[in-house]
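The values are calculated or read from the model by the stated rules, or taken from the named source; none is laboratory data. The shown structure was predicted, so the numbers you read here are calculated from the model rather than taken from an experiment. As a convention, Cβ positions derive from the backbone with ideal geometry for all residues, glycine included, and neighbour counts pool all protein chains shown.
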Amino acid sequence: MAPMIFPNIRFLLSMKLRQMHRHIQNVLDSSNFATFRSPHKLPHIIKSHSLPIYRNFSGVDRSLFDNKKINLSLAISTLNNITIPPKKTFSLWYLVGPPTAQRGYKDGLTICMGRPSRDIGGGLCQLANAIHWLALHSDLEVTERHRHSLDLFPDDGRKIPFGTGATIVYNYKDIRLFNPTPYTFQLHFELTDNDLLSTLRASEKVAHTYNVSEKDHRYEKKSDGLYRCNTIVRQRIGLVAEINEKKELFHNHCKCQYAPKEVSL
């Protein structure tokens, strides 16, 4: 039993040290973070998107999705309409703070040691997913993003390419965006009965737009299981001058936690 326990203890200690270090660094860098929430929406929509709150995942209690909706509502209340001025950094955790039971957060779906689990504040990864997807369609620079290392469930109404999500753990894994442009961005969120609606706005009209897609999507059978692979590609399209540039952003190669019979190979 000891060989199983000690790696977990080392991981938890490492995570706590990382959290302490990040807290100190946040205090020192506080002037660099975006903190102003405008009472007004900026005029120009860059990208809008909706994600379903409820999913048909085998073996997952529906109450975890009900709780996720509560958790999303609490998190959104702390960062909605946040503006990201030039040379400032957006940090989800810097604005949201610790997702604790004392602050009203509930048990939601989380991933622990590569397996579906439940924990206080679970489900906030969907907010990180939305923010990352919006940022990919803008000139914001994604300075911190952690990808999911495993593909846990077969697709259920997927709207965006596989592998564009982001995982977060309080003050350990964050989603951060830096604004290198001369104009201001703004994030806006709404919750409906079944969806998380997210919008990225800007203070000025942009000169180009982005299209994000995937290529070479496939499943690969290997001796140790099934893997899902693709390449995420971004196309920059000029709205004023003629621009049509394509760039590969990243590659995904994730082990699936479900059986080959559950997908179309």
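Under the condition of being aliphatic (A, V, I, L, M) and under 17 Å from H188 (Cα atoms), which residue from segment 106-128 is farthest from the chain's Cα centre (by Cα)?
L124
Taking the conditions exactly as written (under 15 Å from the mean Cα position of the chain (by Cα), charged (D, E, K, R) and at pLDDT 95 or above), does R176 satisfy them or not?
When the stated conditions are applied, R176 passes them.
Inspect segment 206-229 for any residue being among the acidic types (D, E), in contact with a strand residue (DSSP E or B) (Cβ under 6 Å, 6 or more places away or on another chain), without any contact (Cβ under 8 Å) to a residue 40 or more places away in the chain and under 24 Å from F153 (Cα atoms) and give the result as yes or no.
yes
Please determine, by comparing only the residues of segment 159-176 that are in contact with a strand residue (DSSP E or B) (Cβ under 9 Å, 6 or more places away or on another chain) and small (G, A, S), which one is farthest from L134 (Cα to Cα).
For segment 159-176, the residue satisfying everything is G163.
Could you grab me the full set of residues in segment 247-262 that are under 13 Å from C229 (Cβ atoms) and touching a helix residue (DSSP H, G or I) at 6+ places or on another chain (Cβ under 9 Å)?
Step one: filter segment 247-262 for residues under 13 Å from C229 (Cβ atoms), giving 250-256.
Scanning segment 247-262 gives a single hit, C256.
Can you tell me which condition D224 does not meet? The list is (1) touching a Pro at 6+ places or on another chain (Cβ under 9 Å); (2) modelled with pLDDT under 95, and all the others hold.
Tallying (1) touching a Pro at 6+ places or on another chain (Cβ under 9 Å); (2) modelled with pLDDT under 95, D224 fails exactly one: (1).
Mind listing just one residue for me: the one in segment 90-105 that is more than 16 Å from the chain's Cα centre (by Cα) and outside any loop (DSSP other than H, G, I, E, B) and, of those, surrounded by the fewest Cβ atoms within 10 Å (Cβ to Cβ)?
Ranking the candidates gives Q102 first.
Under 6 Å between Cβ atoms, at least 6 apart or on separate chains: pull out the pairs that start in segment 136-164 with a residue that is assigned to a strand (DSSP E or B) and modelled with pLDDT under 90 and end on any residue that is surrounded by fewer than 17 Cβ atoms within 10 Å (Cβ to Cβ) and not basic (K, R).
From segment 136-164, the pairs are L150/G114; L150/Q257.
Would you mind telling me which numbered condition in (1) of a type outside the set (V, I, T); (2) within 26 Å of S203 (Cβ to Cβ); (3) assigned to a loop (DSSP other than H, G, I, E, B) A75 fails?
So A75 meets the others, but not (3).
From the residues in segment 37-50 that are hydrophobic (A, V, I, L, M, F, W, C) and part of a strand (DSSP E or B), which one is surrounded by the most Cβ atoms within 10 Å (Cβ to Cβ)?
By that ranking, first place goes to I46.
List the pairs whose first member sits in segment 58-80 and is modelled with pLDDT of 90 or more, whose second member is of a type in the set (S, T, Y), and whose Cβ atoms are under 8 Å apart, counting only residues at least 6 apart or on separate chains?
Pairs found: F65/Y54; I70/Y105; N71/Y105; L74/Y105.
I'd like the residue in segment 106-165 that is aromatic (F, W, Y) and farther than 23 Å from S63 by Cβ and, out of all such residues, is surrounded by the fewest Cβ atoms within 10 Å (Cβ to Cβ). Spell out how you get there, then give the answer.
Taking segment 106-165 first, the residues aromatic (F, W, Y) are 133, 153, 162.
When the remaining residues are screened for being farther than 23 Å from S63 by Cβ, the result is 133, 162.
Numbers: W133: 21, F162: 17.
If we take residues in segment 106-165 being aromatic (F, W, Y) and farther than 23 Å from S63 by Cβ, then F162 is surrounded by the fewest Cβ atoms within 10 Å (Cβ to Cβ).
If you take just the strands (runs of 3 or more DSSP E) that sit entirely in segment 189-253, which of them hold at least 3 residues that are basic (K, R) and loosely packed, with under 14 Cβ neighbours inside 10 Å?
Here the list reads 208-222.
If I ask for residues that are aliphatic (A, V, I, L, M), farther than 15 Å from L197 by Cα and surrounded by 19 or more Cβ atoms within 10 Å (Cβ to Cβ), which ones from segment 51-81 would you list?
Within segment 51-81, L64 is the sole residue that qualifies.
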